[in-house]
1. Could we say that D127 is over 23 Å from K159 (Cβ atoms) and either surrounded by 14 or more Cβ atoms within 10 Å (Cβ to Cβ) or touching a His at 6+ places or on another chain (Cβ under 9 Å) (or both) here?
2. For S76, which of the numbered conditions (1) in a helix (DSSP H, G or I); (2) in contact with a helix residue (DSSP H, G or I) (Cβ under 9 Å, 6 or more places away or on another chain); (3) closer than 25 Å to Q43 by Cβ fails to hold?
3. From the set of residues in the range 51-77 that are on the phi < 0 side of the Ramachandran plot and under 15 Å from the mean Cα position of the chain (by Cα), which is surrounded by the most Cβ atoms within 10 Å (Cβ to Cβ)?
4. Six or more apart or on different chains, Cβ atoms under 8 Å: show the pairs whose first residue is in the range 206-227 and touching a residue at least 60 places away in the same chain (Cβ under 8 Å) and among the β-branched types (V, I, T) and whose second is surrounded by 14 or more Cβ atoms within 10 Å (Cβ to Cβ) and not in a helix (DSSP H, G or I).
5. With respect to K93, determine if the residue is assigned to a helix (DSSP H, G or I) and touching a Phe, Trp or Tyr at 6+ places or on another chain (Cβ under 8 Å).
6. Checking the conditions here, which among L11, L48 is modelled with pLDDT of 95 or more, on the phi < 0 side of the Ramachandran plot and of a type in the set (A, V, I, L, M, F, W, C)?
7. Here are some conditions: (1) under 23 Å from S150 (Cα atoms); (2) not β-branched (V, I, T); (3) not in a helix (DSSP H, G or I). L30 meets all but one. Which one does it not meet?
8. Somewhere in the range 99-117, is a residue closer than 14 Å to A176 by Cα, surrounded by 15 or more Cβ atoms within 10 Å (Cβ to Cβ) and in contact with a His (Cβ under 8 Å, 6 or more places away or on another chain)?
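The values are calculated or read from the model by the stated rules, or taken from the named source; none is laboratory data. What you see is a predicted model; the values in this text were computed from it and never measured. Reconstructed Cβ throughout: ideal geometry from the backbone, glycine too, with neighbour counts over all protein chains shown.
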Amino acid sequence: MKSRFSIAAVLCMVFSSFASSFATEKAAGLSDSDQIIYELSEQVLQDLQSQYDTDVLKECMGFFIDNQQFDSPQGSYNKAIQLGYQIVNVDHKDIDTYTTMAWLLWSKWVSWTKNPDRMPDGEGKADQAVELLNWGKQWNQKSERFYKESADTIWPLAKYHRTDLYEFVIENYRKADILAGSNDLIRVRIRLNLGHAHRQIHEHKTAIYWYKRVLEIAPKNEIALHCLACLENKSDKKLIY
């Protein structure tokens, strides 16, 4: 998570908001400061539905992402995901948490496909990641960033594991392009990605269309020019994007 705040702030929260909280045994390998965050995080999880301070929740979520040994099974991100759901329930527009959770969820699914015994609860989590992002749209309908970063998050899953999810990726990039308005820097990036995504699923005519849309904004864009030249000369193997 991006908002890991100072240990001084955490100490203040531990002793003011959780003055009567339980104390755990010192966890192996943790510094004194991380032990405090660990105790706070476990306390928050015990009464998660009544926690509304998103700064505290993010601190706890970040701790469990960095310390996967406290999950069961280890590396499952289960505690971070629980905290993430509470964050977006409190703040429906927290884009960073949506996309972090979606990545954690589909990563569990990838682990399950490789070793279902080690990650038994990973089944269905890729679809759950998409469901989460679709759920968040109702509060972020005018946010170009929400749609773009949703597409960014699911694109690797579509590219390497689930080609059926290219539809989600392309739909979200197209929506982001509409919402980007006059932000040319973002529109160039989105249109390049649309070109790349269509090329990866062998829809070359549509890929050419989007690369040309890049050139409407940035006529000298080297990536779009290179991709167009390769596609129009039917030399897709030369493309590295």
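1. no
2. That leaves (1) as the condition not met.
3. M61
4. Listed by first residue and then by second, the contacts come to nothing, as the list is empty.
5. For K93, the condition - assigned to a helix (DSSP H, G or I) and touching a Phe, Trp or Tyr at 6+ places or on another chain (Cβ under 8 Å) - is not met.
6. L48
7. Of the numbered conditions (1) under 23 Å from S150 (Cα atoms); (2) not β-branched (V, I, T); (3) not in a helix (DSSP H, G or I), the odd one out for L30 is (1).
8. Checked the range 99-117: no residue is closer than 14 Å to A176 by Cα, surrounded by 15 or more Cβ atoms within 10 Å (Cβ to Cβ) and in contact with a His (Cβ under 8 Å, 6 or more places away or on another chain).
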